[in-house]
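The values are calculated or read from the model by the stated rules, or taken from the named source; none is laboratory data. As the structure is a prediction and not an experimental result, all values here were calculated from the model. Quick reminder, even Gly has a Cβ in these numbers, built from the backbone with ideal geometry, and neighbours come from all protein chains shown.
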């Protein structure tokens, strides 16, 4: 049994008396990639804001490495839907931001960052500004920044949803490769069923209005995976199962 | 650059030619409207005197602008940080701008005399406003998601200003500064005009009394030129501070 990294216990949240999340419990084990799959507007981002400590839950708590971190920001890496790369900082300085916030001096931060550029497939972009990069490269840089904040647990909120289909395919392969190297424990929001099956070890299906965990599906396919997994009968079987549950 | 400025340059040259032509054929008497050539001549012959006065005016403008920027900066940050201050003082700030500076200047002269102090105060009053308003707008329009991202990384208030709010307010700050730079020269001239011992405003009152219209025009052009120069300096600083703007989008 792998070590539990993150436990989200019985989270509920209302806005103006309207329940958005109802009794949500999620566990995340060391090195796992777990997806939250559900329709847009189902409260997934609200859940992430609660886990990240930006929003207090009405009920429930968030445990990281056995410690209660409910309502405490700054513990978990959070990558939001937009890449949010700051347009006035170069890519290396964007990536270095979490280190600078922790008080690392600029030179040391840049050194640490530069060691990871190759691993993230970002060579040669250090001195460029975000506006000079393609959408796919910007997401890579945003993921690098997320990783530099904490190598413990990361929350990724639909990181690839804004990309076109072809870019998405190549970034999925890139993502599987990078994750194989860095073994980041990740909770991943998506509304793309194929993406969830391709990338995840487990999938939680979230039903909307109010958001509840409807089912949990384990994807048995061993890792490392290739993106041609999505062309196999097993893949389709998972997809059929998920569609029947949604 | 040249291509871009060509139409406006041609327009100016064209107007000057018409002006010269009007003077040559004697449509307006020479003592009322000096020709451009007369103005240039006056400019050259008066240059040492103009230079001395201009230095005084520039000194006032710079000192006033400096304090105006400092005060505007602090005011904007305080009003952004504390909503109560914003609600309390923003309307007042607007009201200060509805008072014409020609009305305040004589009062300032009465209170502070003919030296530099009242002039600098007037410039501060007229320059801090565009800085405050510009910077405040910029700070308040900073990307909320980016702020949330930094908060998720455990950033302090100061770090949010340092990394998000101030950098994203830079464009508005510079628009404000460009206006303030122009105001600072105009403010200096107006306050000198209304009482003082030196400066381009004082020079103007003297040549006006002497009905030396050619010198009057010369000083008007000089004031315009100084304002333009200051604005160009601000633009240069702007480009140095924000190299990420005007990037060519290459992958």
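Values as computed for the structure displayed
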quantity	calculated
Residue within the range B:151-158 that is assigned to a helix (DSSP H, G or I) and closer than 19 Å to residue B:242 by Cα present	no
Residue in the range A:198-210 that is at positive phi and at pLDDT below 90 present	yes
Residue count for the range A:92-128, restricted to those that are surrounded by fewer than 19 Cβ atoms within 10 Å (Cβ to Cβ), within 13 Å of another protein chain (Cβ to nearest Cβ) and assigned to a loop (DSSP other than H, G, I, E, B)	5
Those residues of the range A:129-149 which are outside any helix (DSSP H, G or I) and surrounded by 21 or more Cβ atoms within 10 Å (Cβ to Cβ), in sequence order	A:129, A:133
Hey, residue A:176 assigned to a helix (DSSP H, G or I), touching a residue at least 40 places away in the same chain (Cβ under 8 Å) and out of contact with any strand residue (DSSP E or B) (no Cβ under 8 Å at 6 or more places or on another chain) or not	yes
The range A:110-135, residues that are within 22 Å of the chain's Cα centre (by Cα) and under 13 Å from residue A:85 (Cβ atoms)	A:122, A:130, A:133, A:134, A:135
Any hit, the range B:209-220, residues being within 14 Å of another protein chain (Cβ to nearest Cβ), touching a residue at least 40 places away in the same chain (Cβ under 8 Å) and touching a helix residue (DSSP H, G or I) at 6+ places or on another chain (Cβ under 8 Å)	no
Residue B:163, sole failed condition from (1) more than 14 Å from chain A (Cβ to nearest Cβ); (2) modelled with pLDDT of 90 or more	(1)
